[in-house]
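Read the structure below first, then the notes.
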Amino acid sequence: MTRGEWRDCRNGLLFISPWIAGFLVLCLYPVITSVYYSMCDYSVLSPAVFTGATNYRDLFTDAIFWKALYNTAFFAAFSIPLGVFISLSLAILLNFDLPGRGIFRTVFFLPSLVPMVCLAVLWQWMLNGELGLINNALKPLLHLLNSLFGSHLYPPNWLADARFAKWGIIFTGLWGVGNAVVIYLAGLQEVPRHLYESAELDGAGFWSKTAHITLPIISPVIYFNVIISLIGSFQVFAVPYVMTGGGDGPDRSLLFIATYLYQNAFDYWNMGYACAIGVVLFFMVVALTYVATKLSERHIHYSGK
Amino acid sequence: MAWLALAACQRGGAPTGGKVEIEYWDKWTGFEEEAMRAVVEDFNASQSRIHVNFSSVSQINHKLMLATAGGVPPDVSGVYANMIPAYSENNALTPLDSMAAAAHITREQYIDIYWRMCMHRDHLWALPSTPTSIALIWNKKLFREAGLNPDQPPRSIAELEEFNEKLVKRRPDGSLQSIGFLPESPDWWDPMWGYRFGGALWNGRDAITVNSPENIAAYQWIASYPRRFGAHDLMAFRDGFGNFASPQNPFFNGRVAMEMDGVWVYNYIKNYAPAGFEWGVAPFPSSDPVRLKDVAIVDLDALVIPAVAKHPAEAFAFIRYVNSRKPMEKLCLGQRKFSPLLACSPDFLRNHPNPWIGEFLALAKSPNACYAPPLATYTQFANDMSDAVNRIWTGKSSARAALDEVQLRQQAVFDRSLERWRRLAPVLTREWSAQ
Amino acid sequence: MSAGSGKHHRGARAFAFLLLLVAGVAFLAPFAWMISTSLKPLNETMSLPPRWLPSVPQWRNYPAAIAGMGHFWRYTANTLFLCGMNVCGTVASSALAAYGFARIEWRGRDKVFLVLLATMMIPYPVIMVPIFGLFKHLGWIGSFKPLWVPAFFAGAFNVFLLRQFFLGLPKYISEAARIDGCSEFQTFLWVILPLCKPALLVVALFQFMYTWNDFLAPLIYLARQDNYTLALGLQSFQSQNGGTAWHYLMAASTLVVLPVIFLFFFTQRSFIEGIAATGGKN
């Protein structure tokens, strides 16, 4: 390399040295150590003892782990598409340039600022079986349906009912879609007008324009959002922890992967086992990101890149 | 920024004016917290060497483990006795054998079962703070209304069910208005029902025995409730229960005529039950009242010194103070409980506000008194049992199937902890004996 | 400019407005419910059917909630301290790292940046246990250090954000500075950084929000109660024995949410632009 290149290399590395230090100490070291501990029996106040694949074997036959995985997958499978649908719809509606748009945008965005603990406490109250707002709004609706169809529907005691607890958590999360709404709105506003105009000249209606112009153009934004949501859904911890007081919920329906990892590390004195869960979690996130990328390559349209 | 930094600075355990400051965490709030605070103040005033800082900490089992694992535990902590096996086997506690011996504190001074709960693997890990025992409590007025003798509680499970049938009241639309007995109200002793049927949860050595025939019988009895009264009806009935510490407590507002509860219930009755509430206390019935007489579940709040505490000697001085007769009686009186010490001032029981304190005390001394199995994996075990009972209760699983599942899983978890113990025991026991 | 404005049928626009209105009400309702409950006396929180307006607003629920939480003002001070330290650390270290990734051409730069992007995929629970062990060996558990020292090590997300911005600045600025005899660091400090104030503000805001919000890290690193943050203090209040006093809890929650809402209203523009920038270009 030339002297200039050396100097640039040195300067570049100097500037990113905080990141390099952080990467080594707070990223590489923990990942490697986690893999090592995952193959040990480690109870934190005694030295770790190497036990090979014991933790992984136990994990494979651990019905509670699979339940936690199921709960996490359930949450991701429903909250991500619903989240995309709602936030995208709201963004499209906002894009109509109606009066009071700024106010609406603020209203949708504010809930995403609420700290997780407050969110959990508030929604625990909202979802209360007898006194919560959700059920008291649902009651007249279900009453109407019951009188029309002779059914016996009743609003569930969300967080105490194993069949509905996760839906309570999903609704809690959906309240925070405002973040995505803003992102999508910005993306929508970048769509070149002339595309819409030429489509209209060809006689395209609203749905046709949306399907063939809007969605393809903002597909990279959707993809990015889905990936971030996917990674986030594997880290769901604070809201169910606060709502259940650190527990599992009825019939373990609110036990998520991060919760089970935390319980093993900090309640059951099983840090080695917790690290094994962590390693499996890591591989799942990588695999899912890879799959999502491959799937989207066919559908994403990058303009001008 | 400087102000913020100053405001946020930690106060450390540095001596102030020659005094050693020690941290003491405990789980209590309300009147129970006040009772302990009074004793702490007495201790601080009684000598000038040690100052105890008392904090009321919620979710103490989580917080204590985190603090101990992180190397910053309090000097003294209150724990539930069922935490002792896990903490001791994982090297999180300071053994108290030599300090207790030096202070002439021995097993004979205590109600035996409580001393046993403080021992694990042949070492002493804790000393009692406040004991409890669990009994049958019934609402005399509801008994009278149902034509039952208000001073004669059921003596066997079969009799309990007979009374139950007489005490059930339904509304015109068929929904439950009140019931005689509901096993899940409250639901704090889910794992322990088997003891009332002669079952045990482990064999005392290395095997979990959750699915023994007696235990299955016990949980089949629990399962009979949703079968007899309708799972959905019972859920709706339970949803209407208010807070334990409020007038809407189902036992206080007449929804449930009999319940299983502990010695503290007196204080809640005094604060929240309607005026003139008449109640009785008796041993909770078992399946065979002759063979299984006075099967009482007991529980214990105990004081421990975490392993890496900064001031163990001073911490023990405080624990020793709490365990001497007068302070202990003051504490137990304040919490409306009896004392774990055998030697008791005559005034203590006589002047005790709880009219049934003698009954609770007798139950703690019963030869059939039992407590949660001292497993190092008790947290997982209790979680699993609660979950199993929940499934039995909602009809998702039969008693046998649920218990079989718990047996399989908890035996495996317990086996791992036994392996860990076998590996660590040589080193740990050597360390403990040296202290 | 929004696409299709004015070209839509009046009916369609009215319908869209109606939908927005319904959604707006739905999104605001929980806030209203929170405040309404916080001003009720206890018995009215339990009344059925629930009513929106308390008979007499119980403003004293707020001081009562503050007292019930224990060390509310200390929690606030602690949280502000941590937010301040985290914001300083993040802005400083991320700006430095982003500069190195964006404004200097050096061999292997883009490959290293790919590594940075990859680290964003690592979920925190995976590295939580070893990092806990690391802090334990350093003797930092129980102090605030684990909660702000990592901020000085340039988290991937903020580097990514700032790099985008730095890349957008024209090259000739740096070249002009170099010709004038500035070293790389001087160029960074006196030329580039002043141009980035909006982006730096966005990073600062995001970090403030994140630290105010953070629950898991304070949960595992803080031991003594008077060191708690507001998030942890609120959770501790909620999990106390004796059952939940919803009116106090809602009052406490409102108090914890309000500063964030205020901050948002004062810095709305930066917030919205910043969020838009995170998802727009990658």
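All of the numbers you see were taken from the coordinates with simple rules; none came from a lab. Note that the structure is predicted; figures quoted are calculated from it, not measured. For neighbour counting, all protein chains shown are included, and Cβ atoms are generated from backbone atoms with ideal geometry for every residue, glycine included.
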**Item:** Prolate/oblate/rounded call for chain A, Cα gyration tensor, a/c under 1.5 rounded
**Value:** oblate
**Asked** Which entries in the list B:293/B:337; B:270/B:365; B:141/B:169 go over 19 Å, if you measure between the two C-alpha atoms of each?
**Response** B:293/B:337; B:270/B:365
**Asked** Mind checking Rg over Rh on the stretch A:177-305, alpha carbons, Kirkwood formula for Rh?
**Response** 1.17
**Prompt:** Summing -39500 (n - 2.57) over the DSSP H runs of n ≥ 4 in the protein assembly as shown and dividing by its residue number, what mean residue ellipticity at 222 nm do you reach, to the nearest 500 deg cm²/dmol?
**Reply:** -18000 deg cm²/dmol
**Asked** Mind listing P(r) for the stretch B:203-280? All alpha-carbon pairs, 10 Å bins, whole percents.
**Response** 15, 33, 27, 20, 4, 0
**Request:** Evaluate the charge dipole of chain C about its Cα centre and quote only its size in Debye, nearest 20, assuming +1 on the Cβ of each Lys and Arg and -1 on the Cβ of each Asp and Glu.
**Result:** 420
**Prompt:** If you place +1 on the Cβ of every Lys and Arg, -1 on the Cβ of every Asp and Glu, and leave all else neutral, what size is the dipole of chain B about its Cα centre, to the nearest 20 Debye?
**Reply:** 100
**Message:** Report the Rg/Rh value for the stretch B:281-435, based on alpha-carbon coordinates and the Kirkwood definition of Rh.
**Reply:** 1.05
**Asked** Hey, if you drop one equal point scatterer on each alpha-carbon of chain B and run the Debye formula without solvent, what base-10 log of I(q)/I(0) do you get at q = 0.07, 0.10, 0.11 Å⁻¹?
**Response** -0.38, -0.77, -0.92
**Asked** Using Cα-only point scatterers and the Debye equation, what is log10 of I(q)/I(0) for the stretch A:128-209 at each q in 0.12, 0.22, 0.26, 0.27 Å⁻¹, rounded to two decimals?
**Response** -0.65, -1.03, -1.21, -1.23
**Message:** With the cut-off at 31 Å, tell me which of the pairs B:330/C:145; B:19/B:63; B:27/B:326 have Cα atoms farther apart than that.
**Reply:** B:330/C:145
**Pairs of alpha carbons in the stretch A:1-65 whose separation is greater than 14 Å (percent)** = 72
**Asked** Can you pull out the trypsin sites (Lys or Arg not before Pro) in the stretch B:248-297 that DSSP calls coil and that have at most 15 other Cβ atoms within 10 Å?
**Response** B:291, B:293
**Fill in**
Per-residue Cβ contact counts at 10 Å, fewest first, order B:51, A:143, A:152 as A:152, A:143, B:51
**Prompt:** Based only on the alpha carbon positions, what is the Kirkwood hydrodynamic radius of the protein assembly as shown, in angstrom?
**Reply:** 31.4
**Request:** List the extent of the Cα atoms of the stretch C:10-63 along each of their three principal axes, largest first, rounded to whole Å.
**Result:** 49, 25, 14
**Complete:** Here the alpha-carbon Rg of the stretch C:134-185 over 2.2 N^0.38 Å rounds to 1.85
**Asked** Mind checking which of A:86, A:169, A:213 has the largest fluctuation in a GNM of chain A, springs on alpha carbons under 10 Å?
**Response** A:213
**Prompt:** By its C-alpha gyration tensor, with a ≥ b ≥ c as the square roots of the eigenvalues, how is the stretch C:131-219 shaped: rounded for a/c under 1.5, else prolate for a/b larger than b/c, else oblate?
**Reply:** prolate
**Message:** Strictly greater than 21 Å: what percent of every Cα pair in the stretch C:48-137 meets that?
**Reply:** 68
**Complete:** Over the stretch C:70-239, the quotient of the Cα radius of gyration and 2.2 N^0.38 Å is 1.21
**Item:** Dipole-positive endmost among A:219, B:152, A:56 within the protein assembly as shown (Cβ charges, Cα centre)
**Value:** A:219
